[in-house]
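Notes follow the structure.
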Amino acid sequence: MFTSAYRGPGLATGGPREGFAGRYHVRYFFEDGAFSDEYDLLIEKNGDVYDVSWFVENELRAVGVGMEVKDGLAVGWRKVGA
C-alpha cells in the first residue's frame, strides 16, 4: 500500500528458509493484477526490529522498519532520494 494512491500484492523470491532476514527480489502488482514495479529487498534483524531497504540497480529507493506479527512481518516504509 502506498498512501491512499494504490495498493496491491507483492511476490518475493529468495531469502532464507526460516525467518525474515535476508536478500530478496520482490515484484509488486496493482489490485487489478497489473505489474507495478520491482526491487531488490534487504531485510536485516536489529534487536527486536528489522531494518528494511529497497534497491533498484544498487540505488537505495526506500527504507523501512519492521516487526514480527502473528502472520509475518509488518513493515512501515518511506521513499528516499529522487
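The values are calculated or read from the model by the stated rules, or taken from the named source; none is laboratory data. Worth saying up front: this structure is predicted, and the values here are computed from it rather than measured. Here the Cβ is made from the backbone with ideal geometry for all residues, glycine too, and neighbour counts use every protein chain on show.
Give me the residue from region 49-75 that is among the charged types (D, E, K, R) and in contact with a strand residue (DSSP E or B) (Cβ under 7 Å, 6 or more places away or on another chain) and, out of that set, nearest to residue 26 (Cα to Cα).
By that ranking, first place goes to 61.
Across region 24-82, which residue is nearest to residue 8 (Cα to Cα) among those that are aliphatic (A, V, I, L, M) and assigned to a loop (DSSP other than H, G, I, E, B)? Talk me through it step by step, then tell me what you get.
Residues of region 24-82 aliphatic (A, V, I, L, M): 26, 34, 41-43, 49, 52, 56, 60, 62-63, 65, 67, 69, 73-75, 80, 82.
Add one more test, that the residue is assigned to a loop (DSSP other than H, G, I, E, B), and what stays is 34, 80, 82.
Working: 34: 9, 80: 21, 82: 23 Å.
Ranking the qualifying residues of region 24-82, first place goes to 34.
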Every pair of residues 6+ apart whose Cβ atoms lie under 7 Å, when the first sits in region 67-82 and is without any contact (Cβ under 8 Å) to a residue 24 or more places away in the chain while the second is surrounded by 11 or more Cβ atoms within 10 Å (Cβ to Cβ) and among the basic types (Lys, Arg): 79/61; 80/61; 81/61
Region 13-24 residues that are at pLDDT 95 or above, paired with ones that are part of a loop (DSSP other than H, G, I, E, B) (beta carbon under 8 Å, 6 or more apart): 22/15; 22/16; 23/15; 24/15
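Taking region 5-23 as the region of interest, how many residues are part of a strand (DSSP E or B), closer than 16 Å to residue 77 by Cα and under 15 Å from the mean Cα position of the chain (by Cα)?
Of the residues in region 5-23, the ones part of a strand (DSSP E or B) are 6, 10-14, 22-23.
Keeping just the survivors that are closer than 16 Å to residue 77 by Cα gives 6, 10.
From the residues that got through so far, the ones that are under 15 Å from the mean Cα position of the chain (by Cα) too are 10.
Number satisfying all stated conditions: 1.
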Test: residue in region 36-52 that is among the hydrophobic types (A, V, I, L, M, F, W, C), touching an Asp or Glu at 6+ places or on another chain (Cβ under 7 Å) and surrounded by 11 or more Cβ atoms within 10 Å (Cβ to Cβ): no
Yes/no for residue 29 being surrounded by 13 or more Cβ atoms within 10 Å (Cβ to Cβ), at pLDDT below 95, aromatic (Phe, Trp, Tyr) and at negative phi: yes
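Does residue 80 satisfy being out of contact with any Asp or Glu (no Cβ under 7 Å at 6 or more places or on another chain), surrounded by 13 or more Cβ atoms within 10 Å (Cβ to Cβ) and β-branched (Val, Ile, Thr)? Can you show your working first?
Values: out of contact with any Asp or Glu (no Cβ under 7 Å at 6 or more places or on another chain): yes; surrounded by 13 or more Cβ atoms within 10 Å (Cβ to Cβ): no; β-branched (Val, Ile, Thr): yes.
So residue 80 does not fit the description; no.
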